[in-house]
Amino acid sequence: MIRKILSLILFSGISIIYPQSIAKFEIELPEETNGLHIPVSVSIDDIAFLPDTAMILFEIENEKKIPVPFQIDSGEKRILNWIIKPGKSKQQKIFFELEQGVPEKPEQIKAVVDSGKLTIHSDEKGLLQYNFKTIYPPAGIDTAYKRSSFIHPLWSPHGQILTRIQPPDHYHHYGIWNPWTHVLFEGDTVDFWNLGDKKGTVRFAKFISISNGYIFSEYKTLLDHVVFKKNGSEKVAINELQSVRVYKPEDDQDYYFVDINIEMNCASESPVLLLEYRYGGLGLRTTEQWNKDNSEVLTSEGKTRKDADGTKARWCIVQGEVDNDYAGVVIMSYPTNYNYPEPLRIWPENQNGRGDMFVNFSPTKDKNWLLEPGKKYVLKYRFVVFNNHLSKEEAESAWQYFANSPKVTVHLKN
């Protein structure tokens, strides 16, 4: 029977295509992972010349090949992205193989644009919403508080809203946003944060790109930091390219990752001096359900809500009770950020009489930052958004693999 089948194949002109190995990847995990997944990437510019739809990625485990979802980012370089699922041992090596073939098509994580909002969904669940259309304050409030280009809601994996905008105590607070407070520009002191002062604002300019896939959804957007001049005119002082990448959570995960990269440059030949001030930069105004009695703060240096303000940290956990559940966020700062480890602005426990929560990594909290024309300035952050409690050990592991990407050794086929 076998000979008969081979004869039919041979004389019918049918060719048999065997899987061909393109490359093997060896990944070292020197630090304890505490069971957390880790985003991994490697350049395949010089090793893979097939289209995305003609390659398969496998994890090699005990000589078994397990298909792994992946996503290729074709920017300046062709980058292969996937997520590894390590165990809890302190040191590991994990092996993967990239082969020629047709990959499976799991459910994608998608960004949907509608009515001035970009919402990132995974398995029909909302994770993050970016508001690029101008949002006005409630009726009767000065329209100077209007704002575009901010993140709200940020949802937990279980669907709770963790951010807040336009609270009555600070109408200029907008979920997750990135203005600067005390700025010297062309001889005037400008404030892009306190909108009620009518000295400046930050506006959405345009989308640069929107990407969807099996591993992440990402948008890149251009923001204008606009100065309101004393003569009634406007001038853009800073161009900001902001990219936000949301990694797809697995079904069994109670957490997911959000990477926020901020790239700034002077919009004209005039320098911009970000002056020392007690807050400014990437801010998070949290849900109104959190207060001093049902939420907590913990930093990488062991500081809590009582003593974290003004200290420096690599990461900061903010978590608490919400909708009869427990959820939170770890905000992590990258080692190349200005004034790293960055100073924190954490509201005191008696804020507004109830302990409302606001958290801010502010690199200019204790020193100036000069932005010169013709130069690029980059800040990188990763958020771990989670349900249930997250321990300091888990936060430290997540930061270690954000700050120090796993080493990937590439072995080409023979």
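Scanning the range 323-336 for residues that are buried (at least 20 other Cβ atoms within 10 Å of the Cβ) and of a type in the set (S, T, N, Q) gives a single hit, SER333.
Is one or more of the residues making up the range 247-258 more than 25 Å from the chain's Cα centre (by Cα) and of a type in the set (Asp, Glu)? Taking every residue of the range 247-258 in turn, none turns out to be more than 25 Å from the chain's Cα centre (by Cα) and of a type in the set (Asp, Glu).
Matching residues to (1) of a type in the set (Ser, Thr, Tyr); (2) in contact (Cβ under 8 Å) with a residue 12 or more places away in the chain; (3) surrounded by 15 or more Cβ atoms within 10 Å (Cβ to Cβ); (4) more than 21 Å from SER41 (Cα to Cα):
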position: GLN92; (1), (2), (3), (4): no, yes, yes, no
position: GLU107; (1), (2), (3), (4): no, yes, no, no
position: ASP114; (1), (2), (3), (4): no, no, no, yes
position: LYS117; (1), (2), (3), (4): no, yes, no, yes
position: ASP123; (1), (2), (3), (4): no, yes, no, yes
position: PHE132; (1), (2), (3), (4): no, yes, yes, yes
position: TYR136; (1), (2), (3), (4): yes, no, no, yes
position: ALA144; (1), (2), (3), (4): no, yes, yes, yes
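Output the residues belonging to the range 171-202 that are within 20 Å of the chain's Cα centre (by Cα) and basic (Lys, Arg). None - no residue of the range 171-202 is within 20 Å of the chain's Cα centre (by Cα) and basic (Lys, Arg), so the list stays empty. Would it be correct to say that ILE151 is surrounded by fewer than 21 Cβ atoms within 10 Å (Cβ to Cβ) and either touching a strand residue (DSSP E or B) at 6+ places or on another chain (Cβ under 9 Å) or not β-branched (Val, Ile, Thr) (or both)? No: the conditions fail for ILE151. Among the residues of the range 216-230, those identified as farther than 17 Å from TYR130 by Cα and either hydroxyl-bearing (Ser, Thr, Tyr) or at pLDDT 95 or above (or both) are HIS225, VAL226, VAL227, PHE228, LYS229. When ASP188 is tested against (1) closer than 23 Å to TRP369 by Cα; (2) in contact with a helix residue (DSSP H, G or I) (Cβ under 9 Å, 6 or more places away or on another chain), exactly one condition is not met: (2).
Can you tell which of ALA48, ALA23 is more than 23 Å from the chain's Cα centre (by Cα) and either surrounded by fewer than 18 Cβ atoms within 10 Å (Cβ to Cβ) or touching a residue at least 60 places away in the same chain (Cβ under 8 Å) (or both)? Let's see the steps before the verdict.
On the way: ALA48 fails: either surrounded by fewer than 18 Cβ atoms within 10 Å (Cβ to Cβ) or touching a residue at least 60 places away in the same chain (Cβ under 8 Å) (or both).
Just a single option satisfies the conditions, and that option is ALA23.
Looking at GLU31, GLU76, can you tell me which residue is in a loop (DSSP other than H, G, I, E, B), of a type in the set (D, E, K, R) and without any contact (Cβ under 8 Å) to a residue 40 or more places away in the chain?
Values: GLU31 fails: without any contact (Cβ under 8 Å) to a residue 40 or more places away in the chain.
So the residue among GLU31, GLU76 that is in a loop (DSSP other than H, G, I, E, B), of a type in the set (D, E, K, R) and without any contact (Cβ under 8 Å) to a residue 40 or more places away in the chain is GLU76.
Of the strands (runs of 3 or more DSSP E) entirely within the range 163-222, those holding at least 1 residues that are under 21 Å from PHE383 (Cα atoms) occupy 200-211. Among the residues that make up the range 314-335, is at least one of them touching a Pro at 6+ places or on another chain (Cβ under 8 Å), without any contact (Cβ under 8 Å) to a residue 60 or more places away in the chain and farther than 23 Å from HIS170 by Cα? Among the residues of the range 314-335, at least one is touching a Pro at 6+ places or on another chain (Cβ under 8 Å), without any contact (Cβ under 8 Å) to a residue 60 or more places away in the chain and farther than 23 Å from HIS170 by Cα, which makes the answer yes. Which one is surrounded by the most Cβ atoms within 10 Å (Cβ to Cβ), of the residues in the range 339-355 that are farther than 17 Å from THR311 by Cβ and not polar (S, T, N, Q)? Among residues in the range 339-355 that are farther than 17 Å from THR311 by Cβ and not polar (S, T, N, Q), the one surrounded by the most Cβ atoms within 10 Å (Cβ to Cβ) is GLY355. Within the range 259-297, being surrounded by fewer than 22 Cβ atoms within 10 Å (Cβ to Cβ), in contact with a Lys or Arg (Cβ under 7 Å, 6 or more places away or on another chain) and outside any loop (DSSP other than H, G, I, E, B) holds for ASP259, ASN261, GLU263, ASN265, GLU296.
The values are calculated or read from the model by the stated rules, or taken from the named source; none is laboratory data. Here the structure is a predicted model, which means the values were calculated and not measured. Cβ atoms come from the backbone with ideal geometry, glycine included; neighbour counts cover every protein chain shown.
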